[in-house]
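Take a look at the structure below.
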Amino acid sequence: MREGDWLAERFEEHRSRLRAIAYRILGSPSDADDAVQEAWLRFSRSDSSAVDNLGSWLTTVVSRVCLNMLQARRSRPQPPAGLALPEPLANSAESDPEHQALLADSIGLALLVVLDTLTPAERVAFILHDIFAIPFDQIAPIVDRSTPATRQLASRARARVQQQDATRQADRLRQSALVDAFLAAARNGDFDALLTLLDPDVVLRADEHAVKLGAARETRGAEHVAAFSQRAHGAKPALLNGAAAAVWMPGGRPRVVLDFTTSGHRIIAIDVIANPDRLRHLSLVIPEDP
């Protein structure tokens, strides 16, 4: 076997884990692929014959590459905050069982957004230790800190993540109470109660299939949305991506989903989803009737 083929074979044994690490740190499959490719180039140009633990050596290399990429991101002007989320990691036919196990422990898109508030060193230390269980003494050289300082980096990151988790849980509980009250008011035809739940500038948006069912493409203002919402008297509670929503399912099959956006104690937006293709791909949980 030629030396180049032998090196490539050794690298491929670790590729899936390296890509999982790079994706968790960077939050983008394309950036993760770039980081792994850079790690391969460095590996192919290095004398690795004296390396005792190739997996650990490659983890260090790809993590340093990711750290440099994060630092470069922070040095560039950032786009305005908005709805952009990190890309989801697509399933790959090449994924081995270890890779799938790592992804099953995924930190999720919401947490990736939280990680964007951390410094590059905090993010790398947290991901490597808390997600991949790499010891602090191995992470310290990657982030160019002492072991105690690296432990502090991860601790600060963990505290921020946990705080965000608590805030998100409180928001979801508040949204659940709002949606329950909304459905009760719609069921009872209580127009005044609906008005108290809706923000004065609330907007209701309907997709093209919902429009065919009689909804307007866009409805604005509490009174107009409340009038339309009385038609939701047959909807029942559901969970959409873990958050409170509502579903209308005549004949036991979901036909329309109401996706709520809330702020404080008011509903500020409702998206009416009736596209069958989209409904099939929603992460929707419908509790059984008591």
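The value for the range 155-235 of Rg(Cα) / (2.2 N^0.38 Å) is 1.42. Sorting Thr59, Thr117 on solvent-accessible area from highest to lowest, probe radius 1.4 Å, gives Thr117, Thr59.
Rounded to 0.05, the FRET efficiency of the Ser44 and Lys212 pair, given R0 = 51 Å and the Cβ-Cβ distance, is 0.35. Sort the range 138-190 into rounded, prolate or oblate with this rule: let a ≥ b ≥ c be the square roots of the eigenvalues of the Cα gyration tensor; rounded if a/c is under 1.5, and if a/c is not under 1.5, prolate when a/b is larger than b/c, oblate otherwise. Taking the square roots of the gyration eigenvalues as a ≥ b ≥ c, the range 138-190 is prolate. The rule of thumb for compact globular proteins, 2.2 N^0.38 Å, goes into the C-alpha radius of gyration of the range 230-290 1.09 times.
Separation of the range 138-193 and the range 18-60, taken as the distance between their Cα centroids, equals 31 angstrom. Solvent-accessible surface (1.4 Å probe) assigned to Met249 amounts to roughly 50 Å². Loop-located trypsin sites (Lys or Arg not before Pro) across the range 2-32 with a Cβ neighbour count of 16 or fewer within 10 Å are Arg2, with loop assigned by DSSP. Relative contact order of the range 225-269: 22 percent, from C-alpha pairs under 8 Å at least 6 residues apart in sequence.
Of the three principal axes defined by the Cα atoms of the range 105-227, the extents in descending order read 63, 28, 24 Å.
Across the protein chains, with a 1.4 Å probe defining accessible surface, the residues His281, His224, His14 rank His281, His224, His14 from largest area downward.
The values are calculated or read from the model by the stated rules, or taken from the named source; none is laboratory data. A quick note: this is a predicted structure, and the numbers were derived from the prediction, not measured. Every residue, glycine as well, gets a Cβ built from its backbone with ideal geometry; the counts of neighbours run over all protein chains shown. Each accessible area value is taken on the protein alone, full model and side chains, heavy atoms only, with ligands, DNA and RNA left out. Shrake-Rupley method; radii C 1.70, N 1.55, O 1.52, S 1.80 Å.
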